[in-house]
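This report concerns only the one structure given below.
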Amino acid sequence: RERLEAERRAPPQQAETRPVAARPIDRDRDRSVSTSPAPASEFAAGVKEFRNRNYNAALAAFGKAAAAGHAPAQNYLGYMYRHGFGVTQDFARALTWYQKAAAQNHPGALNNIGYMYRHGLGVSRDYAEARTWFKRAAERGDAAGQYNLGQMLADGVGAAPDYHEAVKWYRGAAGRPVAGEVRASSILALAMSSRRRVSARMTESGSSFSAAARKRSASRISPRAIRSRARVTSV
């Protein structure tokens, strides 16, 4: 999900990374390639104007910062074009700005590109490409990227399901400042409960379980339960 407290939420199936204000958090870090205070100052002004719904002024401020190579401003411009704030909605331009920020490894932009590939916004829908971008974002600590990657792994979107990996990434997103945190936390709790039940059954069975059977049993982690909860959160 994209993170903007006062604005619309992203479509519920997956999470976009919302741009942040001047103070960074793990999920969507404000990083600039310039040591000059000018881009950061323009960016802060843009955030203020955006929150006041002065979108033309926000675009002007973000544009100056983005031209100076300020990755968070580039990501913010992508967000504005993605949703049509003060401009005609333009997925191609949104993707261009996201790509500029992603070239600097901005975690939120990496996730947002994955989101566009996941849903075919301005590009052909490509689940493998979406996974690649989500994973890049997830590995850089973006909670939305972790949630999105976990969901694709749990649902088996574009590849066979991998519940162990899904739980790993849900664990990363759980409790983090992301719109899907309740979902991620709930899915993780369900998965952990299922894992404990599997472990208990294995203990009770003792040596009657072969090593291969134990591995197969543990790998399942109640996939039906995880998929069911994932679908509920994707309405």
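The values are calculated or read from the model by the stated rules, or taken from the named source; none is laboratory data. Computed from a predicted model, the values in this text were never measured in an experiment. Reconstructed Cβ throughout: ideal geometry from the backbone, glycine too, with neighbour counts over all protein chains shown. Quick note on the areas: whole protein, heavy atoms, side chains included, nothing else; ligands and nucleic acids left out. Shrake-Rupley method; radii C 1.70, N 1.55, O 1.52, S 1.80 Å.
Can you say whether A38 is open to solvent by less than 40 Å² (accessible area, probe 1.4 Å), modelled with pLDDT of 85 or more and in a helix (DSSP H, G or I), as far as the supplied structure shows? The answer is no for A38. Would you call A68 open to solvent by less than 10 Å² (accessible area, probe 1.4 Å), farther than 30 Å from A160 by Cβ and touching a helix residue (DSSP H, G or I) at 6+ places or on another chain (Cβ under 6 Å)? Taking the combined requirement at face value, the residue does not satisfy it. Quick check, is A92 farther than 20 Å from A66 by Cα and small (G, A, S)? Criteria not met by A92. Within region 96-112, restricting attention to residues that are open to solvent by 10 Å² or more (accessible area, probe 1.4 Å) and of a type outside the set (G, A, S), the residue that is nearest to M80 (Cα to Cα) is W97.
Y117 meets all of the listed conditions (1) open to solvent by less than 40 Å² (accessible area, probe 1.4 Å); (2) touching a Ser or Thr at 6+ places or on another chain (Cβ under 9 Å); (3) closer than 14 Å to V157 by Cα but one, namely (1).
Inspect all residues belonging to region 165-177 and state whether any of them is within 14 Å of T17 (Cβ to Cβ), surrounded by fewer than 16 Cβ atoms within 10 Å (Cβ to Cβ) and modelled with pLDDT under 90. The answer is yes; a qualifying residue exists.
Among the criteria (1) of a type outside the set (V, I, T); (2) touching a residue at least 40 places away in the same chain (Cβ under 8 Å); (3) on the phi > 0 side of the Ramachandran plot, the one N112 does not fulfil is (3).
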